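Worksheet: one structure, shown below.
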Amino acid sequence: MKPIKVGLLGIGTVGSGTFNVLKRNQLEITRRAGRSIEIAMVADLNVERARELTNGECEVVNDANLVVSNPDIDIVIELIGGYGIAKDLVMKAIANGKHVVTANKALLATHGNEIFKAAEEKGVMVAFEAAVAGGIPIIKALREGLTANRIQWIAGIINGTTNFILSEMRDKGLDFSAVLKQAQELGYAEADPTFDIEGVDAAHKATIMASIAYGIPMQFDKAHVEGITKLQASDIRYAEELGYRIKLLGISKRTEAGIELRVHPTLIPEKRLIANVEGAMNAVLVHGDAVGATLYYGKGAGSEPTASAVIADLVDITRLATADPEHRVPYLAFQSNSLSDLPVLPMAEIVTSYYLRMHVADKPGVLADVTRILADLTISIDAMLQKEPAEGETQTDIIILTHQTKEKNIVAAIEKIEKLDSVFGAVTKLRLEELS
Ligand code: HSE
């Protein structure tokens, strides 16, 4: 059978990994795909470097339009990133009848609905294993492996940069800004790490997973996005004293009222496997009604780990290229005419447990005032920690862990607590998930 021809847009870290792994494992991959997969064309602004990387083995151009309009190309791999030119090229490739493989989570989380609609109309596949958690086959697991289940919740460490920073903060007792600087010097964090540290990258990935887990359209605009920039070393320490680790989690949950979709620093019990995922590694915990909890762990970024996911998509497309579109796996796991209109809930309506830290006067009645406010709002206390004031000090920290309650109750309680004369400054609020 003649090879399937691939056009690669962007030969940076992931692109060159894809080129190399495809070449190195060509025989094995052909045996699996049933047909050889050949990168026939590469588009990159740095043509010279692209030629060097591809050893003259394929055509190199600097205009990506030449790839998406080439009638010989069957599959376009988009590794440009962002939503500008990448979106135009993906839409053009689809309009020209090409299948698309992309690692672009930002593009799918924000424009996925439009892209999948166009692809469906044209009868082409859009595959995106590399968009979430790099080399971990989490899209495959959610769309196919767990297809028998009603997925109940997902909690993932899906950003390696922030997990590296949190691990370092805990290990060395350092504050966020000191570790970020170190991470940038070591090349673990981008020069502009905004999307990573503000939780945006994780929210893109959580949005994609929620969509295929619950069969809802992509709704990144409804996700709650909170990063790790305000996290203090003292909260990591106090959490640890109470038996918890703090991780930046991408969480989605199915509830009667709708879907919770949120990214924020989260306390999780230190005995959970996922609490022990350190450094730049990723892990995703998925709970299905039939299977229970399942955990997926691996490298969430990097040249060959991400290439592993890109090539898995190439093989899937190659196998299914001649199948009728209705016999392929639906883009969002559920048939496109069976998507649910279950709403994504506003944060005020989500239900979880909380960690509260407040700085108070060490005198009789303070704790009673605080607990009265919590009781009046039917918030039940799970655990408490009061630190001895430092020598000569008359103020101290109180840390309270609550049982589950609605976010709007906690917000109301904090507003009242902050008005107490014996409470100084703002109350720090972190969310806590037992993940049991
Ligand atoms: N910047 C991401 C991370 C990898 O730090 O995990 C690509 O999504």
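The values are calculated or read from the model by the stated rules, or taken from the named source; none is laboratory data. If you're wondering where the values come from, they're calculated on a predicted model, not measured in any experiment. Cβ placement follows ideal geometry from the backbone for every residue including glycine, while neighbour counts extend to all protein chains displayed. Please note that ligands, DNA and RNA were not included when accessible areas were found on the heavy atoms of the full protein model with its side chains. Shrake-Rupley method; radii C 1.70, N 1.55, O 1.52, S 1.80 Å.
Observations on the model:
- Averaging 1/r over each pair of different alpha-carbon atoms in the chain and inverting the result gives 23.3 Å, the Kirkwood hydrodynamic radius.
- Segment residue 376-residue 393, length gained on full extension (0.36 nm per residue, minus Cα span): 3.0 nm
- Of all DSSP-defined beta bridges confined to the chain, some 70% are antiparallel rather than parallel.
- Orientation-averaged projected area, Cα convex hull of the stretch 347-431 (nm²): 5.1 nm²
- Scaling the Cα radius of gyration of the stretch 381-436 by the globular reference 2.2 N^0.38 Å produces a ratio of 1.30.
- Set of aspartates and glutamates near residue 299 by C-alpha distance (under 20 Å), chain-local residues within fewer than 8 positions excluded: 129, 168, 190, 196, 201, 278, 313
- Inter-probe distance in nm under a simple model that places probes 7 Å from Cα toward Cβ, at residue 25 and residue 181: 4.1 nm
- Computed from the Cβ-Cβ distance with R0 of 22 Å, the FRET efficiency linking residue 321 to residue 147 stands at 0.50.
- Anisotropy class of the stretch 262-346 from Cα gyration tensor, a/c 1.5 cut: oblate
- Taking every protein chain into account, the accessible area of the chain amounts to 43 square angstrom per residue (probe 1.4 Å).
- The value of relative contact order for the chain, using C-alpha pairs under 8 Å at least six residues apart, is 16 percent.
- Separation of alpha-carbon centers, the stretch 10-56 and the stretch 79-150, rounded to whole Å: 20 Å
- Rounded to 5, the percent of DSSP beta bridges in the stretch 140-298 classed as antiparallel: 95 percent
- Cα principal axis extents for the stretch 213-257, largest first, Å: 39, 22, 16
- Placing R0 at 60 angstrom, the Cβ-Cβ distance between residue 63 and residue 234 gives a FRET efficiency of 0.65 after rounding to 0.05.
- Three-way shape label, the stretch 140-298, alpha-carbon gyration tensor, a/c 1.5: prolate
- Accessible surface of the chain, 1.4 Å probe, proportion on carbon and sulfur as whole %: 50 percent
- For the stretch 343-397, the Kirkwood hydrodynamic radius from C-alpha pairs, put into Stokes-Einstein at 37 °C and a viscosity of 0.692 mPa s, yields a diffusion coefficient of 242 µm² per second.
- The long axis of helix 85-95 is offset from the longest Cα principal axis of the chain by roughly 50 degrees.
- Global form of the stretch 156-212, assessed from the alpha-carbon gyration tensor, a/c cut-off 1.5: prolate
- GNM top mover of 270, 121, 391 - the chain, alpha-carbon springs below 10 Å: 391
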